[in-house]
Number of protein chains: 2
Amino acid sequence: MVEMNKILDINPVDLLVTVEAGVITESVSKAVEHLNLFFPPDPGSMKSSTIGGNIAENAGGLRGLKYGVTKDYVNSIEIVLPTGEIVNMGSNTVKAVTGYNFVDLICGSEGTLGVITKATLGLLPIPADRASILSFFKDMTDAAKTVIDIVAQGVITATLEIVDKVTINAIEDFLKIGLDRTVGAMLLIEVDGQKGATEIEADIVLKVCKSNNALSVRKAKNSQERDKLWEARRAALSSLSRIKPSTILEDATVQRSRIVELVEAVDGIAQKYNIMIGTFGHAGDGNLHPTILTDLRIPEEAEKTEKAIEEIFKATIALGGTLSGEHGIGITKAQYLKLELSKPVYDLMEKVKNAFDPNNILNPGKMKCVWNS
Amino acid sequence: MVEMNKILDINPVDLLVTVEAGVITESVSKAVEHLNLFFPPDPGSMKSSTIGGNIAENAGGLRGLKYGVTKDYVNSIEIVLPTGEIVNMGSNTVKAVTGYNFVDLICGSEGTLGVITKATLGLLPIPADRASILSFFKDMTDAAKTVIDIVAQGVITATLEIVDKVTINAIEDFLKIGLDRTVGAMLLIEVDGQKGATEIEADIVLKVCKSNNALSVRKAKNSQERDKLWEARRAALSSLSRIKPSTILEDATVQRSRIVELVEAVDGIAQKYNIMIGTFGHAGDGNLHPTILTDLRIPEEAEKTEKAIEEIFKATIALGGTLSGEHGIGITKAQYLKLELSKPVYDLMEKVKNAFDPNNILNPGKMKCVWNS
């Protein structure tokens, strides 16, 4: 769909933008920046992902806790049904409850129900002010407790990112920006809003970090310093991927209150299989990205990687979490669906798939699980 | 479901509450108030509506623009399928994209796909501060322009309510609180957030009201004064319903930028049929409630009421709006579905209905439209 890349209409009064499905995510915000507006969903892949792809995966991003995910910003779509009709679904009003909510069903359906060709998306005013805070901790437990306490203080941060020791070292190897290699965890936090509000909220965040034994905590003094902090966080995945020939980014997601347990479980799995796992992610959402660094060309490595992934999924589900917070199921995770869904719900998925796509021509292998295997 | 009325679990760390489907909306917020949390969706019927009903209708409320609607706060549900299975759908993590998004499909499906028995709902911290502003205008046009300008200034208000002259007079008749009967429109606006932010935003709102020729504008000095203003707004429907034997509350919703046109269209229809229509609603969402005051026991009145309603729907759709912003379609609006939906989309609704409910035992007449009539 990459050639369907036009921004068709910008409606600043109703905070809407209409785009073709191949438009790159980042360019949506760029196109409305001069109107002091932005498109909130910000997947890590925003420089390459398309809006159609984001809708099909219901993409998340760093700002999930405060701003939600892609589905929260899709008002209406034009979609080509597998049976050939081109139809519109949804409404460009703020609220609409006419007929079944098919727009939200299409969001995250991974291209199995129709081909999205156009979308009208919601925008928000750019916050007048923001503040970024960087804090280091001796271990992931103190960092995770800080995450819980910040929200408990009534502060819904724009971003609340966690980075573990393996990832901190990988970033320092790559960027050489003077990160302390001895610390166990790092939190990178942004609050945004009206000027008076960000000051109040940044102060609360600073206090909560300190009361959770932060080794250090500082607020970026200006936008250059802030951009530098975020550059470090955005380099997490590329830094990790330089270490070994194969990088497998997972998407284990639990409740915020269970992050400590998930981190411990992932650590245990890394030790058990003697593999390297760097973990970073959107701690405010409980959405972690344990990233396995390995060499899939070596059969023994591939085999233990597969076992480790399965154990990560099982641990996540045992903690009340989900297989995927924002990346989707696709083909590789399809066999694990039965860890999370009951058979009647999976059967309904098949029936709904058949209602939309009776000839099974769209992404036939995706989210397809053999139940009696 | 009214006897399934237990609040089962409150999880303040993850901002979640688990309730049975018969729990009254208002009691959810009351149950978590001591934790400084609230449940944002606030339909006008919050003192009597149940959570199961709210989910089935995807109920809205006064706080839609800033806080969204019911579906934005439903993490997971327990539902009895028409085929007898009791299943869970969704996830209690902040983000989840495992399998089709059935929770959002059930939201607003009006009890046609399953019987909701339990739900885990999202909560938010109670804002530290809020400010209410009351402003009067010579006509609805000035008031509607003010609504547009407030949002254009980057202020997303918690509520932004509009009330027309007919309704102002009805409220004054009922409550006798000294409202000026000669004004053409009233806006009632609330901003909330951190203390510094509400002051900045209230100032912007005051300025925008004045620059749109407000006849008067004032900020409530304290919470008693604020509660009094909201009492007046909450009395709109009950005040109108005292005027004539029959009250028909409609739910026409357009984009914010089209409110003036919708108001003019409704006025024209009232004159054409010589019927009384009071209009109030959630102007920030473009969600108006034109309320027809009539006597359906008189056949001629009933006939012209029906014609007027049809014209209101047609005008709403012609303005790019939707048949229902927050009340749903049910039986009485079902025949109008074809004004808004295309045949292939309606056919998909029937197929999905059949996938869930092959024996058509749940609410069989709801959202059912005879296409070739």
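Determine which member of the set B:MET1, B:MET46 is part of a loop (DSSP other than H, G, I, E, B) and open to solvent by 50 Å² or more (accessible area, probe 1.4 Å).
B:MET1
Return the only residue of A:LEU188, A:LEU134 being free of Cβ contacts under 8 Å to residues at least 60 places away in the same chain and either away from chain B (no Cβ under 11 Å) or part of a loop (DSSP other than H, G, I, E, B) (or both).
Checking each option against the conditions leaves just A:LEU188.
Cβ-Cβ under 6 Å, sequence separation 6+ or interchain: first residue in region B:280-304 and at positive phi and part of a strand (DSSP E or B), partner buried (at least 21 other Cβ atoms within 10 Å of the Cβ) and not charged (D, E, K, R). Which pairs?
B:GLY281/B:ASN287; B:GLY281/B:LEU288; B:GLY281/B:HIS289
Kindly indicate which of A:LEU206, A:LEU215, A:LEU229 is hydrophobic (A, V, I, L, M, F, W, C) and surrounded by fewer than 17 Cβ atoms within 10 Å (Cβ to Cβ).
Residue meeting the stated conditions: A:LEU215.
Condition first: within 7 Å of another protein chain (Cβ to nearest Cβ), of a type outside the set (Gly, Ala, Ser) and under 22 Å from the mean Cα position of the chain (by Cα). Can you find one or more residues in region B:340-363 that meet it?
Yes, region B:340-363 contains a residue that is within 7 Å of another protein chain (Cβ to nearest Cβ), of a type outside the set (Gly, Ala, Ser) and under 22 Å from the mean Cα position of the chain (by Cα).
Which pairs have Cβ atoms under 7 Å, sit 6 or more apart or on different chains, and link a residue in region B:250-276 that is more than 12 Å from chain A (Cβ to nearest Cβ) to one that is hydroxyl-bearing (Ser, Thr, Tyr) and part of a helix (DSSP H, G or I)?
If the second residue must be hydroxyl-bearing (Ser, Thr, Tyr) and part of a helix (DSSP H, G or I), the pairs left are B:ILE275/B:THR305.
Does B:THR98 satisfy being out of contact with any Gly (no Cβ under 7 Å at 6 or more places or on another chain), β-branched (Val, Ile, Thr), open to solvent by 10 Å² or more (accessible area, probe 1.4 Å) and over 20 Å from B:LEU124 (Cβ atoms)?
yes
Just one of the numbered conditions (1) of a type outside the set (A, V, I, L, M); (2) more than 13 Å from chain B (Cβ to nearest Cβ); (3) open to solvent by 20 Å² or more (accessible area, probe 1.4 Å); (4) under 21 Å from the mean Cα position of the chain (by Cα) is not true of A:ASP139; which one?
So A:ASP139 meets the others, but not (4).
Of the conditions (1) closer than 19 Å to A:VAL94 by Cβ; (2) under 20 Å from the mean Cα position of the chain (by Cα), B:ALA318 satisfies every one except a single condition; which number is it?
(2)
Report yes if A:ASP357 is open to solvent by 40 Å² or more (accessible area, probe 1.4 Å), under 18 Å from B:LEU105 (Cβ atoms), not assigned by TED's automatic domain parsing to the domain that holds A:GLU85 and not aromatic (Phe, Trp, Tyr), otherwise no.
The answer is no for A:ASP357.
Before we move on, is A:GLU161 under 27 Å from A:LYS333 (Cβ atoms), open to solvent by less than 50 Å² (accessible area, probe 1.4 Å) and touching a residue at least 24 places away in the same chain (Cβ under 8 Å)?
yes
Quick grid of which residues meet (1) free of Cβ contacts under 8 Å to residues at least 40 places away in the same chain; (2) open to solvent by less than 40 Å² (accessible area, probe 1.4 Å):
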| position | (1), (2) |
| --- | --- |
| B:ILE24 | yes, no |
| B:VAL28 | no, yes |
| B:GLU33 | no, no |
| B:PHE39 | no, yes |
| B:ASN58 | no, yes |
| B:LYS66 | no, no |
| B:GLY84 | yes, no |
| B:ASN88 | yes, no |
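Conditions (1) buried (at least 24 other Cβ atoms within 10 Å of the Cβ); (2) facing chain A (nearest Cβ under 7 Å); (3) among the hydrophobic types (A, V, I, L, M, F, W, C); (4) out of contact with any strand residue (DSSP E or B) (no Cβ under 7 Å at 6 or more places or on another chain), marked per residue:
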site: B:LEU81; (1), (2), (3), (4): no, yes, yes, no
site: B:ILE106; (1), (2), (3), (4): yes, no, yes, no
site: B:SER109; (1), (2), (3), (4): yes, yes, no, yes
site: B:ILE116; (1), (2), (3), (4): yes, no, yes, no
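For region B:294-316, what are the residues that are in contact with a Ser or Thr (Cβ under 6 Å, 6 or more places away or on another chain) and open to solvent by less than 10 Å² (accessible area, probe 1.4 Å)?
B:THR294, B:THR305
Just checking, does region B:171-183 include any residue being under 28 Å from A:ILE156 (Cα atoms) and either away from every other protein chain (no Cβ under 14 Å) or touching a residue at least 60 places away in the same chain (Cβ under 8 Å) (or both)?
Checked region B:171-183: no residue is under 28 Å from A:ILE156 (Cα atoms) and either away from every other protein chain (no Cβ under 14 Å) or touching a residue at least 60 places away in the same chain (Cβ under 8 Å) (or both).
The values are calculated or read from the model by the stated rules, or taken from the named source; none is laboratory data. Please read these numbers as outputs of a predicted model, since none were measured by experiment. For neighbour counting, all protein chains shown are included, and Cβ atoms are generated from backbone atoms with ideal geometry for every residue, glycine included. Note: areas computed on protein heavy atoms with side chains; ligands, DNA, RNA excluded. Shrake-Rupley method; radii C 1.70, N 1.55, O 1.52, S 1.80 Å.
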